[in-house]
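Before any comments, here is the structure.
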Amino acid sequence: MQIGEPVLRGKAAPLSRQEIRSKPVQQLIEWMRETMRDAPGVGLAAPQVGLALQIAVIEDRPEAMKDLPPEFLAERERKPVPFHVVINPKIRLRGAVLTFFEGCLSMPGFSALVPRSRIARVDFLNHRGDAVSLQAAGWHARILQHEIDHLNGFVYVDRMHPRSLTTMDNLTRYWKNRPVAEVVHDLNLDLASAVGQSASPAPRHKR
Ligand code: ZN
């Protein structure tokens, strides 16, 4: 589903344990995993495939980072994340706010700088319907925030620094693989200027 679809702007419905364990939901999870891998992406939320359900799949595979400079990975604290399913999540944000370029399968071809908390604590149900508490840091925390935003009707442009919006081509040409501090300087960005920073669109986005 591409930006503009109403399903990307609504609040998705939670699932019961029984629903999670049902064959249709198990098949949906498998299908979302394949769709995410084919894209390829590091996360996919059910509203992005047209379903207003609180399900997201996440996976950051080693293959996705093999061509990225080690200092790029280190700056983002990006490490492989095994496939996991997040259902009915409650998120709490901790730690510093870090700003990096982010993209979305529902807005292909674009990217922007998005401030996100370095640490996310998430309580959710897994693919078997078991309660799980997870504390994630770095890129995994960012992916969780991005996907859980989808379940609440938010996309990254609601939180981005508008002046940093770029096509992917121009991201590669001018901005990628440079320290964020340099990018901030060249874009003449005020880091306090992100959309929703003064009046966060999501009341749960508390720090
Ligand atoms: Zn997205």
Filtering the range 148-157 down to residues that are open to solvent by 10 Å² or more (accessible area, probe 1.4 Å) and within 11 Å of the ligand (Cβ to nearest atom), which residue is farthest from residue 102 (Cα to Cα)?
154
Boolean, residue 3 is within 15 Å of the ligand (Cβ to nearest atom), in contact with a helix residue (DSSP H, G or I) (Cβ under 9 Å, 6 or more places away or on another chain) and touching a residue at least 60 places away in the same chain (Cβ under 8 Å):
yes
Check the range 127-137 and report whether any residue there is within 16 Å of the ligand (Cβ to nearest atom) and buried (at least 19 other Cβ atoms within 10 Å of the Cβ).
no
Determine, yes or no, whether residue 112 is open to solvent by less than 40 Å² (accessible area, probe 1.4 Å), within 13 Å of the ligand (Cβ to nearest atom) and without any contact (Cβ under 8 Å) to a residue 60 or more places away in the chain.
yes
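Yes/no per residue for (1) under 30 Å from residue 5 (Cβ atoms); (2) modelled with pLDDT under 95:
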position: 131; (1), (2): no, no
position: 139; (1), (2): yes, no
position: 150; (1), (2): yes, no
position: 156; (1), (2): yes, no
position: 161; (1), (2): yes, no
position: 164; (1), (2): yes, no
position: 177; (1), (2): no, yes
position: 188; (1), (2): no, yes
Residue, nearest to residue 25 (Cα to Cα), within the range 129-141, restricted to residues that are in contact with a helix residue (DSSP H, G or I) (Cβ under 7 Å, 6 or more places away or on another chain) and outside any strand (DSSP E or B):
129
Residue ID - farthest from residue 120 (Cα to Cα), chosen from residues in the range 95-109 that are more than 15 Å from the ligand (Cβ to nearest atom) and in contact with a helix residue (DSSP H, G or I) (Cβ under 9 Å, 6 or more places away or on another chain):
99
Would you be able to say whether some residue in the range 73-83 is assigned to a helix (DSSP H, G or I), open to solvent by 80 Å² or more (accessible area, probe 1.4 Å) and either of a type in the set (A, V, I, L, M, F, W, C) or away from the ligand (no atom under 14 Å from the Cβ) (or both)?
no
Please work out if residue 57 is open to solvent by 20 Å² or more (accessible area, probe 1.4 Å), in a strand (DSSP E or B) and β-branched (Val, Ile, Thr).
no
What is the number of the single condition among (1) surrounded by fewer than 16 Cβ atoms within 10 Å (Cβ to Cβ); (2) not in a strand (DSSP E or B) that residue 104 does not meet?
(1)
For residues that are open to solvent by 10 Å² or more (accessible area, probe 1.4 Å) and assigned to a helix (DSSP H, G or I), scanning just the range 29-47, find the one that is nearest to the ligand (Cβ to nearest atom).
35
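The values are calculated or read from the model by the stated rules, or taken from the named source; none is laboratory data. For clarity, every value in this text was computed on a predicted model and none was experimentally measured. Virtual Cβ from ideal backbone geometry, glycine too; neighbours counted across all protein chains shown. Heavy atoms of the whole protein, side chains included, go into the accessibility calculation; ligands, DNA and RNA do not. Shrake-Rupley method; radii C 1.70, N 1.55, O 1.52, S 1.80 Å.
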